[in-house]
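Below is one structure, written out as structure tokens, with a few remarks after it.
The values are calculated or read from the model by the stated rules, or taken from the named source; none is laboratory data. Here the structure is a predicted model, which is why all the values come from computation and not from measurement. Positions of Cβ are backbone-derived with ideal geometry, glycine not excepted, and every protein chain shown enters the neighbour counts. Keep in mind that these areas ignore ligands, DNA and RNA; they rest on the heavy atoms of the full protein, side chains included. Shrake-Rupley method; radii C 1.70, N 1.55, O 1.52, S 1.80 Å.
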Amino acid sequence: MKLIPLPAFADNYIWMLHDGQQALVVDPGDAAPVLQALDREGVQLQSILVTHHHADHTGGVDALRQATGAQVFGPARETIPEPLRRLQEGDTVQALGLAFQVLDVPGHTAGHIAYYCAGMDGTPLLFCGDTLFSAGCGRLFEGTATQMLASLNKLAALPGDTRVCCTHEYTLSNLKFALEVEPDNAALVAYYQRCQDLRAQGQVTLPSSIALEQAINPFLRSQQPTIAASARRFDAAGVDQHGVFATLRQWKNQYR
Ligand SMILES: [Zn+2]
Ligand SMILES: [Zn+2]
């Protein structure tokens with residue numbers, strides 16, 4: 001199995017997984033990079049998995065379905081280019097001989113779903129769209145902070161070695177904010193250095209892992225006393241009223 005992040009637009013990744021013959025892609029906002037990769041890798045597109053309705057995740061669906069006949073899977077409660085198989089938590093997608101469990105992860109959008117494969121070449125795999133980013137999380141466009149926190153907790157409970165395939169290269173800017181929140185976190189300082197080196201060489205910082213995110217991602221660490229103290233310095237009244245997580249998300253929205 002080969003797992004490849006295909007760059008699209010300014011900072012999107014369209015994840016491709018293939019076994020040398022058949023491929024799946026996740027959130028193809030643009031058909032062109034997928035068609036080029038299918039050609040380059042010499043594989044056929046079997047399945048398209050969609051996590052949520054935003055155009056930068058769905059813009060290439062129609063063209064790819066037309067060009068390849070691939071089957072489309074997407075969230076039950078969002079508007080995705082038809083026809084598609086509509087999914088919600090408890091459903092399983094079979095693709096490339098692998099089983100992907102569907103998780104409901106509302107927050108960024110109201111019907112956002114994620115795809116979790118318990119074992120691919122011995123390691124779990126997660127396609128989480130715009131819910132969990134390395135060192136960050138998605139903006140709350142349609143859901144509440146409470147929903148997003150519950151969704152992130154659900155993802156954080158997956159095995160530590162789960163490969164986390166996020167759909168944007170936001171890692172460095174997320175890390176700058178994370179360091180503002182938690183300047184004394186040694187794992188975070190080391191990871192920032194590593195990601196700066198990777199980006200300087202034009203490399204992708206993903207996939208991340210659940211264990212790494214638990215060590216460095218402030219949005220998975222809002223129960224830590226140091227993070228609560230930082231959030232209070234930003235907005236103590238906000239923490240009292242809405243909690244640490246909601247205050248962190250608010251802080252990040254304003255952070256430059
Ligand atoms: Zn989105
Ligand atoms: Zn996006």
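So the values come out like this:
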read-out: Some residue of the stretch 132-144 being under 22 Å from Ile48 (Cβ atoms), among the small types (Gly, Ala, Ser), within 16 Å of ligand 2 (Cβ to nearest atom) and open to solvent by less than 10 Å² (accessible area, probe 1.4 Å); value: yes
read-out: Pair list, Cβ under 6 Å, 6 or more apart: the stretch 50-75 residue closer than 19 Å to Ala10 by Cβ and part of a helix (DSSP H, G or I), other residue polar (S, T, N, Q) and open to solvent by less than 40 Å² (accessible area, probe 1.4 Å); value: Asp56/Asn12
read-out: Residue in the stretch 105-112 that is within 23 Å of Gly160 (Cβ to Cβ) and either outside any loop (DSSP other than H, G, I, E, B) or in contact with a Lys or Arg (Cβ under 6 Å, 6 or more places away or on another chain) (or both) present; value: no
read-out: Cβ pairs under 7 Å, 6+ apart, first in the stretch 33-45 and more than 13 Å from Gly60 (Cα to Cα) and modelled with pLDDT of 95 or more, second charged (D, E, K, R) and open to solvent by 20 Å² or more (accessible area, probe 1.4 Å); value: none
read-out: Members of the stretch 158-171 found to be open to solvent by 10 Å² or more (accessible area, probe 1.4 Å), away from ligand 1 (no atom under 16 Å from the Cβ) and under 15 Å from the mean Cα position of the chain (by Cα), listed by number; value: Leu158, Arg163
read-out: Scope the stretch 15-33; condition in a helix (DSSP H, G or I) and either polar (S, T, N, Q) or within 16 Å of ligand 2 (Cβ to nearest atom) (or both); matching residues; value: Pro33
read-out: Those residues of the stretch 76-93 which are open to solvent by 40 Å² or more (accessible area, probe 1.4 Å) and either part of a helix (DSSP H, G or I) or on the phi < 0 side of the Ramachandran plot (or both), in sequence order; value: Arg77, Thr79, Glu82, Pro83, Arg85, Arg86, Gln88, Glu89, Asp91, Thr92
read-out: Among (1) within 12 Å of ligand 1 (Cβ to nearest atom); (2) in contact with a Phe, Trp or Tyr (Cβ under 7 Å, 6 or more places away or on another chain), the one test that Gly136 misses; value: (1)
read-out: From the options His52, His112, His108, residue that is within 20 Å of Pro7 (Cβ to Cβ), touching an Asp or Glu at 6+ places or on another chain (Cβ under 8 Å) and surrounded by 21 or more Cβ atoms within 10 Å (Cβ to Cβ); value: His52
read-out: Matching entry among Gln203, Gln223, Gln193, Gln214 (being free of Cβ contacts under 8 Å to residues at least 24 places away in the same chain, under 19 Å from the mean Cα position of the chain (by Cα) and exposed (fewer than 15 other Cβ atoms within 10 Å of the Cβ)); value: Gln203
